[in-house]
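The values are calculated or read from the model by the stated rules, or taken from the named source; none is laboratory data. Quick caveat, the model's predicted, so the values are computed rather than measured. Reconstructed Cβ throughout: ideal geometry from the backbone, glycine too, with neighbour counts over all protein chains shown.
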Amino acid sequence: MHGKVLFIVTGIIVVIIVVALIIYFYRKHRLNKYYAKLDEREYEKNLITSTPIGVELSKVEPIIKNDKMEEKYEKWQKKFEKIKGEEVEKLQDMIIELEEYIDRREYKEADNKFAKLDMQLYITREHADSLLESIKEITLSEEKYRSIVIKLKAKYRDLNKEYVKHQDLYDEMQEAVALQLENIEKRFLDFEKVMAKNEYNEVVHVVKALDTMIDHMEIVIKEVPDLLLMGKQLIPKRMKEIKDTADSMIKEGYSLDYLNIDYNLEESKKNIDTILDKVRVLNLEDCMFELKTILDYMDSLFVDFEKERLSRKVYEEMGKDFAKKLKNTNESIDDIYSRLDEIKNMYDLEEGDIETINNIKKEITTINDEHKKIKNKEKKNSTPYSELHKEIEALSNKLNALEEKLDISLKSLGNMHDDELRAREQLDEIEEFLKKCKVKIRSYKLPIITDKYFIELNEANEAIVEVIKELEKKPIVINTLNIRVDTARDLVLKLYNTTVEMVKYAELAEAAICYSNRYRGVFEDIDTALDNASKEFFKGNYQKSFIDTTKLVQDIDPNLQKRLVEEYES
């Protein structure tokens, strides 16, 4: 019991010691963390104090040569003293105060102080950096601007060399260009003067002016020869070519009024004079673009001329073909229209067929009128060929569409006539087949002809009569005629096939009976069977008689049926 109590007490003591150690190390870690943050702020403060403002100010002092510079120097000195004195000391005080809060482990108040310290560090750093940058603007000015000017001088020398090398290309602009180059040289001298006086405020303006003038001169040296060449030689020459070409084409019968050539050339000449005036004062803004635009317009006119020539050639070729086609179409339509009453009397035309022909007549009249208008425009030279080409092409498409309608209409009328001729030809063929039937039926003396055969014969004769009636009608109803012809043909063919089959089996049955008679009395029941087959023969059932007879002697002569059919067909 005593040992158990001792064990529990020992465990409690160990737990207390562990908790105490955890609390101790946690507090120590938190304290170290705040001290580390404080060290970081201390380091940032030291960076600000180590800013080389004093060194840069010492560089300014020897180059003070005017009141403005001296005034600036004094302002910078005061700002530097304020930063080094008031602001840095304030930062130091805040750091010391913050350290006291950390020592007392007042972490909440420490966090607030850290926020204020960070804000003050930011403000002080900005003041120091801004001041240093302002001072360096002066201390580094000479080196910076001289580097810029050296590059500008090299660029200027290249431009001057280029100008001297091609001076003749600048024509009347030589004096203006040379004067501008002299102005640039004067600006270089101005740079040296302000640099000698350390007037760095003025240096900026001089360098900017030099940069602008040299950039402008670069454009002048590059573009002026081309502008003069285009404005004084190339475009005027192109304008003369356009004028001569236009006059020549007008004499040849082309209509070019829609191009407004005279007006546009005059306006182009005014624009060129304005552009050249701008070039003479070296105002080159948009000059190259405007001259190229004028040149593009000139080139487009040559394209229009070529388009007119090609359109005329196509129009004349298309016009000949169209006129020939229009003449043929007119003749065809006039021929149909003149015989329309006759056609109506011959055939039972539908209202739609007549209406189609009337519409075709109206459309061809409209096309003829439009063609006359196009020809009048051509004679008057009032319309460009490019437009005439489009009009004749559109009219040609109309005529093609009309020809298709006409072809369909002619085909319909032609089919009626063809159907009539075909019906008459087929009537002859049908009657010929009927004659063949009669000849065939007489070619063998049949003991009897069945009523069914006479019914088919009467149907065939009546169908032929109906065809003849339809052909004698005026006007002929083609659809009805075709039906009558088809019916008559089918019935006559049916009769012909019936006749051929009946004669064939009659001959075969007779031959089989004659052949089988030799076996009468030889085999049992053959006499009775042959008598029955003979009865079927005289009843007109020739096929049944033939089949029954050949079956009687199947065992004696199994190939009898086949042999008799082959002999008949051969």
Every residue from segment 105-135 that is in a helix (DSSP H, G or I), at pLDDT 75 or above and among the charged types (D, E, K, R)
108, 109, 111, 113, 116, 118, 125, 126
Can you tell me which residues in segment 164-177 are under 19 Å from residue 212 (Cβ atoms) and either under 50 Å from the mean Cα position of the chain (by Cα) or surrounded by fewer than 17 Cβ atoms within 10 Å (Cβ to Cβ) (or both)?
176
Evaluate segment 236-252: report whether one residue or more is loosely packed, with under 15 Cβ neighbours inside 10 Å, outside any helix (DSSP H, G or I) and at pLDDT 85 or above.
yes
Can you tell which of 497, 532 is without any contact (Cβ under 8 Å) to a residue 40 or more places away in the chain and within 30 Å of residue 469 (Cα to Cα)?
497
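Could you tell me which residue of segment 388-428 is farthest from the chain's Cα centre (by Cα), considering only residues that are acidic (Asp, Glu) and at pLDDT 80 or above?
391
In the set 494, 535, 544, 504, which member is over 30 Å from residue 461 (Cβ atoms) and either of a type in the set (Phe, Trp, Tyr) or in a helix (DSSP H, G or I) (or both)?
Working: 494 fails: over 30 Å from residue 461 (Cβ atoms); 544 fails: over 30 Å from residue 461 (Cβ atoms); 504 fails: over 30 Å from residue 461 (Cβ atoms).
Only one candidate passes the filter, namely 535.
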Which numbered condition trips up residue 278, out of (1) part of a helix (DSSP H, G or I); (2) closer than 20 Å to residue 303 by Cα?
(2)
Taking the criterion of being surrounded by fewer than 16 Cβ atoms within 10 Å (Cβ to Cβ), in contact (Cβ under 8 Å) with a residue 60 or more places away in the chain and in a helix (DSSP H, G or I), would at least one residue in segment 259-268 satisfy it?
no
